[in-house]
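Scroll down for the structure; my scribbles are underneath it.
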Amino acid sequence: EMIETLFTINSSNLNSKDGARLPVIPVMNQEKQLLDLKKSQNIAILLRALQITSDEGCEALLEGSADRLGMELLESLIKMAPTKEEERKLKNIKDESPFKLGPAEKFLKAVVDIPFAFKRVDAMLYIACFDYEVEYLKGSFQTLEIACEELRNSRTFLRLLEAVLRTGNRMNMGTDRGDARAFKLDTLLKLVDIKGADGKTTLLHFVLHETIRAEGSHLSGAQLSSRDEVEFRNGVHVISALSHELANVKKAAVMDSDILSNEVAKIAAGVAKITDVIKLNQGLVLDESSRRFSESMNGFLKKAEGEIMNIQVQEEFALSMVKELTEYFYGDLAKEDARRIRIFMVVKDFLSIIDQVCTDLVK
């Protein structure tokens, strides 16, 4: 109403030859808004960014070509799938309709006309993500395996454990705890809480200082004095290098074995999406696109089954190594503090404390 009031020509101000109430702008086909506005905008932006047309997108869906659509578009399609009401409206729009569809509506209208379209999208998203997920899991399990080897074979770490045990026994001499054969690994994190008479030197400072002297003497030769500066620096270098030596232990500390196992199970269960669409495709009239779709799905299925079997074997092996390592350091797996992967968290935190204490000792 405001546009008509402001921009139409008043006949009283015209000569008779000019006519009455002629609009300045010609009437154009109105764009039909069938989807939620935000959904429509997001799909349109993505289509422009990926430079894909409706015809190209539908052809890729019909033929099962996940690479042509890409992970980003497939994820967006899953999130922005039309509701039943939106799908009904899209299907009811005819070619001869006076309304012009926007890019998103036009694309989704073409998609909903494809048989079991969003089951295809779900299966193709699984395919698009598969290699990335498998590589991530392989790398994670390999990190766990290497972390177990690093921790089990680290001479410096074992020397520190020995020093902590001896120091604890010396401090507790004459008590029922003065002849301990072991200690809880979590005790390592409490060494900085035990302070000496000066109120500054912690038990960890003492243990590291003496271990540094011993390691420095070992490297420099017995003929050097234990107070020699070169000897001390050599020892500091050995202890400081522990953080680098146990690099994969620190990486493993941020992992969660339950999450990794769930991811493996999820990938294995996802194969059902592929078998489902293969069965649905078999019920269609055989044409070139359905034949290509079948070839694409079956080809992937054959590859995926082998990959899943391999990753399950690697999972079992890596977690068995973690279990053995935990038993080695904790003894009783039934205890709460012996949860899988926790051992790496404790060592990572201990390494952080060691790095700080070494810096203090050098100063």
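Numbers at a glance
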item: Of all accessible heavy-atom area on the range 78-216, the percent that carbon and sulfur account for (1.4 Å); result: 52
item: Long-range HN-HN contacts of L101 with modeled amide H, under 5 Å; result: K32
item: The range 44-78 and the range 126-173: distance between their alpha carbon centers, rounded to Å; result: 43
item: List M124, M321, M171, M71, ordered by accessible area with a 1.4 Å probe, largest first; result: M171, M71, M321, M124
item: J(HN,Hα) series, the range 299-311, from Karplus relation 6.51 cos²θ - 1.76 cosθ + 1.60, nearest Hz, glycine and proline x; result: x, 5, 4, 4, 5, 5, 4, x, 5, 5, 4, 5, 5
item: For T201, residues with placed amide H under 5 Å, excluding near neighbours; result: G196
item: Per residue, in Å², the accessible surface of the range 233-363 once ligands and nucleic acids are set aside, probe 1.4 Å; result: 55
item: Accessible surface, 1.4 Å probe, highest first, among residues F130, F317; result: F317, F130
item: Integer Hz, Karplus 6.51/-1.76/1.60 couplings in order for the range 175-184, x for Gly and Pro; result: 10, 6, 10, x, 9, 5, 9, 7, 8, 5
item: Accessible-area order (highest first, 1.4 angstrom probe) of the listed residues K79, K89; result: K79, K89
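The values are calculated or read from the model by the stated rules, or taken from the named source; none is laboratory data. Predicted model only: the values in this text are computed from it and were never measured. Protein only, heavy atoms only, side chains kept; ligands, DNA and RNA dropped before computing areas. Shrake-Rupley method; radii C 1.70, N 1.55, O 1.52, S 1.80 Å.
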